[in-house]
Structure formats: C-alpha cells, structure tokens
Amino acid sequence: MAQVSLDLIVTLIKVLLLLGILLGLGAYLTWFERKLAGHIQARMGPKLVGPFGLLQPLADGIKLLTKESLIPRGADRPVYYLAVVLSLTPALLLFSVIPFGPGFNLFGYEVKPVISDVNIALIFIFAMGSLAVYGTIFSGWASNSKYAFIGSLRKSAVMIAYEVILGFSVLGVVLLAGTLSTVGIVEAQIKSGVWYILYQPVAFLLYLFCMLAESGRVPFDIQEAEAELVTGYNVEYGGMRFGVFPLAEWYLNVMALSALAVILFFGGWSGPNIFGPLSPYLWFLIKTFSLVFFVLWLHWTLPRFQARDITEIAWKVLLPLALANVVLTAVVLYIL
C-alpha cells in the first residue's frame, strides 16, 4: 500500500512538472519564433516588452485573458467549448508516453522520466492524434459560420490523410525494434548501436511531411489561408479560447512529434557522454529542439501549398511510398 501511494505521488509530481514546463515552453516558443522570423526577414522581432522582448509572451497571455470573448449567435455552446478541450488535451496527453531519458535513483527510489511506460505507447500516440481531428471539426461546425466550417473541413481532410501515412511510416521502425513501447524502441537502438534513421531514411522523410501537416506548419498550413478563410476553423473564437488552438497545434504538437521523431529515428537519449550524468537528458533535448528549430525555420522559408495539392500528394505519392517501405522492410527482415 505504501509503495502504491508513493508511486501515485511521484506520478502526480511528474504530471504537474511536465504541465508547467510544456505550457511555459509553448508560450516562449512564440517569442523564439518571432525572433527567428525577424532575423530571417531582416527585422528585430519582439524587443519592447522586457529585455530582448522576453516578457512579450506574458503580455500576450494577459491580453488574451482580459480580452472580451464573444460567442457567435446560433453557436452550439457545449460543442463550441468542447472543441477547445479536444484541441489542447490530446496534444498534452502525447507527452505522457514520451521518455526524456533513462531512469535514475533518487533517495533509493527509481524514477523514470516518463509518466507512463506502456507497451502500446505508439498506439496511444496515434489515438490521441486522431482525437485532435474532432477539435478541428467541432470548432468549425459549432461556430455557426460557413468560413469556419469550410476551414475545419479543409484542415480535417489534411489531418486524416497524413494520420494514415504517419501510421505506416513508423511501422518499419516497429518491425526493426520489435516493440510498440517508446522506451523499448530507444533501448533497441542503443543495444544495436545504430540509429534507425540509417535503416529508415524514407520513413523519416515521410514522418517529417506528416509532422508538418499534423501541426499545420508550412507548407501545409491551409488553415491559415487568410485571403480565403480569415484564419480558418477558429475564426469565431476570441480571447484565450482563440489562443489555445495555435498553442496546441503549432507548438505542443510540434514539440511532441519532434520528441517522437527523436525516439523513433535518432536513438532517443543516446549520445556521447560529454555532459557527465546529465548527458542522456541533454542529448534528448538537443535533438528534439533541433527538429523544432528546423520546423520553425521551414515555416518562414517555404510557400504554402493549395489544399488540393496537399491531399493529392498524400494519397497518390506518400501513401504508396509508405506502404512500399513497410513491405520492403518486412522482406529484408525475413531474409536476414
């Protein structure tokens, strides 16, 4: 009984700590992206609120919290609010099965830097990713606005298409590791001494396309086609309810999918022991935020695709490639 109580307390501490870190990082990634976009476009970015504009996310948060938020006439209120929950909650739950490093002992208690180490972690991740589609659909439908509804349909079509490809793109890694556990996949790469990016380069490229599409990043950000949809499915939301959608989609999803890419293709926390006992955790963060930087850099570099082009690329090009990669991996493993 005492062990169970201790496990519950440790899990609760990990949940609260992770929530605080994620929401803080999500807020300050907005500052980092503005600074990055400013340098790319030869301007300063945030610089007035606090030193180097570091207090800009706090000012944005205060503005969103104090701004009047109107509900459209004829909106379905329960579904209107539920859409916000279904947008944020799955993005946060993705991190519950992300291991940030190996376990360590603290006062004789083994602490695992993962909230839940389950043997079906990848299935759980795909389930949470699928739930995010409901947040998009519900927000457009419940707003009682044609523009929001059209935007939600366009975005949902992209999410569904690339969710299928995402599932097939990681099957090659699952076949190599022989497990659906995120911890097990990292340990399999450490044991073999080879990161799976070397065995599955095509799968990684497919995953990268899917990551950009799932998080609504350029060149797949058709939900932000301002000339056509006036910001798309969340146009009828205001205040903090409006701010939740980009926080979940642009930042939390990008961090979660980047961390998952590190686990699947880049050996997780493996790396040279140059930082002492902190090496595994620092390597994981360095790899993850390198991918986050890459996604933000692409956002301010590439043009936007049309909706028709995005879905055609998904179903006619990327899906056959993903299937071929899975079949080829299975054949090679069978022969070897």
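The values are calculated or read from the model by the stated rules, or taken from the named source; none is laboratory data. Please read all numbers here as calculations on a predicted model, not as lab measurements. Neighbour counts are summed over all protein chains in view; Cβ atoms, including those assigned to glycine, are modelled from backbone coordinates with ideal geometry. Ligands, DNA and RNA are excluded from the accessible area calculation, which covers all protein heavy atoms including side chains. Shrake-Rupley method; radii C 1.70, N 1.55, O 1.52, S 1.80 Å.
General remarks:
- Segment 20-140 shape via C-alpha gyration tensor axes, a/c threshold 1.5: oblate
- Estimated inter-spin distance, Tyr109 and Leu205, nm [label 7 Å along Cα→Cβ]: 4.8 nm
- Cα→Cβ-extended label distance, 7 Å offset, between Lys47 and Asp60, nm: 1.9 nm
- Contour minus Cα-Cα distance for Leu70 and His39 (0.36 nm per residue): 7.6 nm
- Reach of Lys112 by Cα under 17 Å, taken over aspartates and glutamates that are not fewer than 8 positions away in the same chain: Asp7, Glu187
- The chain: relative contact order as a whole-number percent, Cα under 8 Å and 6+ apart: 21 percent
- Rounded to the nearest 500, the helix-only mean residue ellipticity at 222 nm of the chain stands at -21000 deg cm²/dmol, with each DSSP H run of n ≥ 4 adding -39,500 (n - 2.57).
- Computed from Cα atoms alone, the Kirkwood hydrodynamic radius reported for segment 197-319 is 16.1 Å.
- Each semi-axis of the equivalent ellipsoid for segment 114-272 is √(5λ) with λ an eigenvalue of the Cα gyration tensor; in descending order they amount to 33, 15, 13 Å.
- Two-site label geometry, Leu302 and Val85: point separation in nm, points 7 Å out along Cα→Cβ: 3.5 nm
- Solvent-accessible area per residue in the chain equals 50 Å², computed with a 1.4 angstrom probe and all protein chains kept.
- Largest to smallest accessible area among Glu110, Glu312, Glu68 [probe 1.4 Å]: Glu68, Glu110, Glu312
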